[in-house]
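Q: Please see the structure below; I have some questions.
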Amino acid sequence: MSRGATTVGAEGSALLKWVSTLSLLVVVAIPCLFIVLQAVFPEIGGGSFSAPFSALYKTLADASLVGLAGNTILLGLGTVVFAVMFAFPLAALRALFRVPGALIWDGLLLIPFMIPPYIAALGWIMTLQPRGYLEQLTGLNLAPVLFSVPGIMIVMGLNTFSVVYFVLSRTFETVGARYADVGRVFGANQWRSFWRITFPLATPGLAASLLLVFAMAIEEYGTPAALGRRIGFEVLVTGIENRVAEWPVDLPGAATLSMVLVVMALAAFMLQRWLLERRDYRIVGGKPQAFEKRPLGLLSVPTVILFGFVSFLATGLPILAILATALSQTISGGLTLSNMGLQNFQELLATGSDGLRALGNSLTLGVSTALLAGVLGAITAYAVVKGRGRFRIVLDALSITPNALPGVVVAVGIILAWNQPWLPITPYNTPMILLLAYCCILLPQPVRYATAALHQLGDNLEAAARVSGAGPLRAFFRITFPLILPSMITAMILVFAVASRELVASLLVAPIGFQTIAVFIWQQFDQGSMGLGMAMAFCAILVTTLIPLALISVLRWLSKDSVASLN
């Protein structure tokens, strides 16, 4: 790469750097700053810096904090344990043996990750609650199991185990069986070779997936709120929501608990790095070798049964419960044909109904968030990759900060930042506040996708555009952005799917009278309208799953068509 091209790239990034800096200040930095300020200065909302640290000391000294923090860690570790129990045997079998219908099982085991956890939890409630679907069909009452701490862990483990499954199965495939075969040559049996050789080499993938599951568990609001509150099991996330949503509102306490939750998430990341730096896990040092998976033999039938059982628990049962509730005219009518109908869907999608407005609001916010986060992510990634100087490190750090911020923490920061009485103009109590919250939560995805794509591009094309008279913004939007657009579209589809069904930020910062899909479902369950809420949940699953899959399929077809036309 020539020096002139580098200079042009740096000049082009200078202007975009300021655009990125101002955007990140508004979307990320200011909410994070106000969390700290509110925790330190409890009267800052009134424009006073008096009594610093008083609320911080009070909250940290509160005996309930130990319980909230302990329950949060317990829930995270328990979810990790159950996720591993579900994922580990499936991943090992999938990677090392020829599993019948392997691709079908992969598709079925991906679905739980695409179902919002709070919707899956509501499906489990309808199935296992007293006089629920399981008791109606079999006479078994497993409500005491569901409404218990292990029950919450099992449900959350079923929601998150697919992360461990896909990471571990791919890691085991990379390791292969050749190293274990060497161990067997030296006298070790099959199990000893796996546990002493194959499994340790897969530690990086396992550690990364378990970290993600732990972070997802301590940040999750819907499942602990739906199940834990019935047995008095409160965690940090629900404790923060209680301080914001219930009277008397305790914003300093919510800010302090938010900081505790962030520290907990960061500690998990640091622990992962420490574990991975203790050993060398490199296994690819030259030409890759072919790896032939082994036949299962007599284990074929038990393996298919195991995959089918876990797939039913994680995918089939919640979806069937959601659909059964959505089709029920009355919950008390039970699972009878005479009680089934489409009345809930008709009421939900009737012209001018609250459900239809909520669906439209979520789709509009999802599309807006995808576009805004996509453009901001591309600009930020460009300023980081093509920029010069140490300030780009600050931009990179700001862009990935939301990864360490649970959704409830972002919501608290948004409230504290934009609900100050001295602000002349504020987006608070308007739909714009939801857009800011969603962008903050989901910004890291487009930034990471754009960064990866930009690292593959040289500066020559942009330099040619600048030499021809184009300014930095024109060169970026006419040359660079179209080249990274395929990666950005993939990221924006992911952002759309998550933003359309986001729960905790929607509950906390949505304007009065403004409903989204998640808010509508949550309120219907609070009001006892389970059928209407589940009808919306079923529509939400269809919309946030089928639309992204359809868009990805269209993009793949267009890319193949473009390649064929070039050939």
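Here's the yes/no breakdown for (1) touching a Leu at 6+ places or on another chain (Cβ under 6 Å); (2) hydrophobic (A, V, I, L, M, F, W, C); (3) under 30 Å from MET432 (Cβ atoms); (4) modelled with pLDDT of 95 or more:
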{"position": "ILE319", "(1), (2), (3), (4)": "no, yes, no, no"}
{"position": "GLY333", "(1), (2), (3), (4)": "no, no, no, no"}
{"position": "ASN339", "(1), (2), (3), (4)": "no, no, no, no"}
{"position": "LEU349", "(1), (2), (3), (4)": "yes, yes, yes, no"}
{"position": "LEU359", "(1), (2), (3), (4)": "no, yes, yes, no"}
{"position": "VAL394", "(1), (2), (3), (4)": "no, yes, yes, no"}
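Q: Could we say that ALA51 is modelled with pLDDT of 90 or more and either assigned to a loop (DSSP other than H, G, I, E, B) or closer than 21 Å to ASN159 by Cβ (or both) here?
A: no
Q: Looking at (1) surrounded by 16 or more Cβ atoms within 10 Å (Cβ to Cβ); (2) at pLDDT 90 or above; (3) in a helix (DSSP H, G or I), which is the only condition GLY70 fails?
A: Condition (1) is where GLY70 drops out.
Q: Which pairs have Cβ atoms under 6 Å, sit 6 or more apart or on different chains, and link a residue in the stretch 363-377 that is more than 14 Å from LEU485 (Cα to Cα) to one that is assigned to a helix (DSSP H, G or I) and of a type in the set (Gly, Ala, Ser)?
A: From residues that are more than 14 Å from LEU485 (Cα to Cα), the pairs are GLY366/ALA499; THR369/ALA499.
Q: Right, something else. With the checklist (1) among the aromatic types (Phe, Trp, Tyr); (2) modelled with pLDDT of 90 or more; (3) in a loop (DSSP other than H, G, I, E, B) in hand, flag the one item TRP422 doesn't pass.
A: TRP422 satisfies every listed condition except (2).
Q: How do the pairs read when you match residues in the stretch 242-253 that are closer than 15 Å to GLN38 by Cβ with residues anywhere that are of a type in the set (Ser, Thr, Tyr), using Cβ under 8 Å and keeping only pairs 6 or more apart or on different chains?
A: PRO252/THR59; GLY253/THR59
Q: Could you list, in sequence order, all residues of the stretch 89-140 that are out of contact with any Phe, Trp or Tyr (no Cβ under 7 Å at 6 or more places or on another chain), of a type in the set (Phe, Trp, Tyr) and either closer than 29 Å to GLU502 by Cα or crowded, with 20+ Cβ neighbours inside 10 Å (or both)?
A: PHE113, TYR118, TRP124, TYR133
Q: Of the conditions (1) surrounded by fewer than 21 Cβ atoms within 10 Å (Cβ to Cβ); (2) closer than 30 Å to PHE233 by Cα; (3) modelled with pLDDT of 90 or more, PHE34 fails just one. Which one is it?
A: (1)
Q: What tally of residues in the stretch 65-80 results from selecting those that are under 18 Å from ALA207 (Cα atoms) and in contact with a Leu (Cβ under 9 Å, 6 or more places away or on another chain)?
A: Residues flagged as under 18 Å from ALA207 (Cα atoms) and in contact with a Leu (Cβ under 9 Å, 6 or more places away or on another chain) within the stretch 65-80 amount to 1.
Q: The conditions are (1) more than 21 Å from SER54 (Cβ to Cβ); (2) crowded, with 22+ Cβ neighbours inside 10 Å, and ALA267 fails exactly one of them. Which is it?
A: It fails just one condition, (2).
Q: Tally the residues that are farther than 16 Å from LEU33 by Cβ and not in a helix (DSSP H, G or I), restricting the search to the stretch 378-419.
A: Residues flagged as farther than 16 Å from LEU33 by Cβ and not in a helix (DSSP H, G or I) within the stretch 378-419 amount to 5.
Q: Under 7 Å between Cβ atoms, which residue pairs at least 6 apart in sequence (or on different chains) link something in the stretch 37-58 that is surrounded by fewer than 19 Cβ atoms within 10 Å (Cβ to Cβ) with a partner that is among the hydroxyl-bearing types (Ser, Thr, Tyr)?
A: Qualifying pairs under 7 Å: GLU43/SER50.
Q: For the stretch 28-62, enumerate the residues that are among the small types (Gly, Ala, Ser) and under 27 Å from ALA505 (Cα atoms).
A: ALA29, ALA39, GLY45, GLY46, GLY47, ALA55
The values are calculated or read from the model by the stated rules, or taken from the named source; none is laboratory data. Predicted model only: the values in this text are computed from it and were never measured. Because the Cβ atoms are built from the backbone with ideal geometry, glycine has one as well, and the counts that use them run over all protein chains shown.
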